[in-house]
Amino acid sequence: MKQPTKFLSTLILLVSFYMVIGCTGNKTTREINSNYVGVWNIRIKEMPKVGDVSFEMSILKNDSVYSGYFVELNGDTVFFNKIELDDEYLNTKYEWGGHNVGFRVKLKENNINELEGSFMRFFDIEGMRK
């Protein structure tokens, strides 16, 4: 009789542990995701023919829906068609120069005021909260 009771106690302990870890992980994800909201100075590094490209990006949140845009140096505003958040990254999709493009950035470890990532998976991006 002791063996089934010990097994059941161990099982309950493991399930409780995973539930606590799961709840903590979800809270952290929500906190990280809300940290993307704001105005950012973005720089895409070493683009062919033009070098570094800089612009100002705004990320907005209405309830659980994210939206945003960036302003090019010539003053044109480009709106994101789609913004998705996963565990670590903010992913954007938009049309730029007649092409469907996007970038993927994450908050730097230990600094929620800086971003790093890639544009079209080829070019490095860095950003700083304005």
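The values are calculated or read from the model by the stated rules, or taken from the named source; none is laboratory data. Only a predicted model underlies this, so the values are computations on that prediction, with no experimental measurement involved. Please note: Cβ atoms are built from the backbone with ideal geometry, for glycine as well, and neighbour counts cover all protein chains shown.
For this structure, a couple of remarks:
- Selected residue (only one of Val105, Val53 is among the β-branched types (Val, Ile, Thr), part of a strand (DSSP E or B) and more than 14 Å from the chain's Cα centre (by Cα)): Val53
- Search result, residues across the stretch 59-77 that are within 20 Å of Phe123 (Cα to Cα) and part of a strand (DSSP E or B): Tyr69, Phe70, Val71
- Listed by first and then second residue, the pairs linking a residue in the stretch 35-60 that is free of Cβ contacts under 8 Å to residues at least 40 places away in the same chain and over 16 Å from Gly102 (Cβ atoms) to a residue that is of a type in the set (Ser, Thr, Tyr) and part of a strand (DSSP E or B), with Cβ atoms under 6 Å apart and 6 or more places separating them unless they lie on different chains, are Ser58/Tyr69; Leu60/Ser67.
- Of the residues making up the stretch 72-89, those that are modelled with pLDDT of 90 or more and closer than 14 Å to Ser58 by Cα are Thr77, Val78, Phe79, Phe80, Asn81, Lys82, Ile83.
- Residue check for Glu46: at positive phi, in a strand (DSSP E or B) and over 12 Å from the mean Cα position of the chain (by Cα): yes
- Flag for Phe70 being touching a residue at least 24 places away in the same chain (Cβ under 8 Å) and aromatic (Phe, Trp, Tyr): yes
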